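Computed from the coordinates by the stated procedures, all read-outs in this text should not be read as laboratory data. As the structure is a prediction and not an experimental result, all values here were calculated from the model. No Cβ is skipped: glycine too gets one built from the backbone with ideal geometry, and neighbour counts run over all protein chains shown.
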Amino acid sequence: MRRAGKVWYGILQDMEHMEKAVAASAPPSTVLSSVPGVSIDGSDSWAPARKLLVYRATDEVISSYDALEAKLFALGWERDTDCFVCIRRYNRTESGPFSQLLVLPNLEFRHLKTIHLYNIVVQTRTAFEV
């Protein structure tokens with residue numbers, strides 16, 4: 001127990017030294033945040049990179065539901081209009097007893113989360129990538 005406490009104390013001291021070094025190397029007018037992904041001044045310089053949905057055939061970045069629907073319709077998907085207002089549901093019946101279902105939230109396209117983009121990739125096999 002005693003050794004573990006010394007190790008943690010050493011790690012905390014190393015972190016303090018790193019923060020001081022970063023603060024010393026920053027310009028005087030810069031406001032630093034110690035929370036990753038959060039910037040105090042509102043800039044996105046600390047934010048992680050946003051994942052993009054890319055149509056592989058043309059290397060086109062999909063940035064709207066209209067562009068996504070055009071690609072899905074070309075791949076044989078149909079939009080189900082009998083669903084709730086809060087979701088968009090697409091289905092495709094392949095040759096056989098199975099059908100595929102793709103459900104996305106009815107948000108602005110830029111608010112889709114990475115899990116939704118990967119859902120599109122998995123359901124469409126080789127057509128899209130993140």
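Under the combined filter of DSSP loop state and at most 11 neighbouring Cβ atoms within 10 Å, segment 75-130 retains these GluC sites (Glu not before Pro): 94, 108. Here 99, 63 are placed in order of increasing Cβ neighbour count within 10 Å, fewest first, which gives 99, 63.
Using the Cβ-Cβ distance between residue 106 and residue 49 with R0 set to 25 Å, the FRET efficiency works out to roughly 0.45. With R₀ fixed at 25 Å, the C-beta to C-beta distance from residue 91 to residue 59 puts the FRET efficiency at about 0.40. Segment residue 66..residue 81, full-extension length gain: 3.9 nm, with 0.36 nm per residue of separation and the alpha-carbon distance subtracted. Normalised radius of gyration (Cα atoms, divided by 2.2 N^0.38 Å) for segment 53-129: 1.05.
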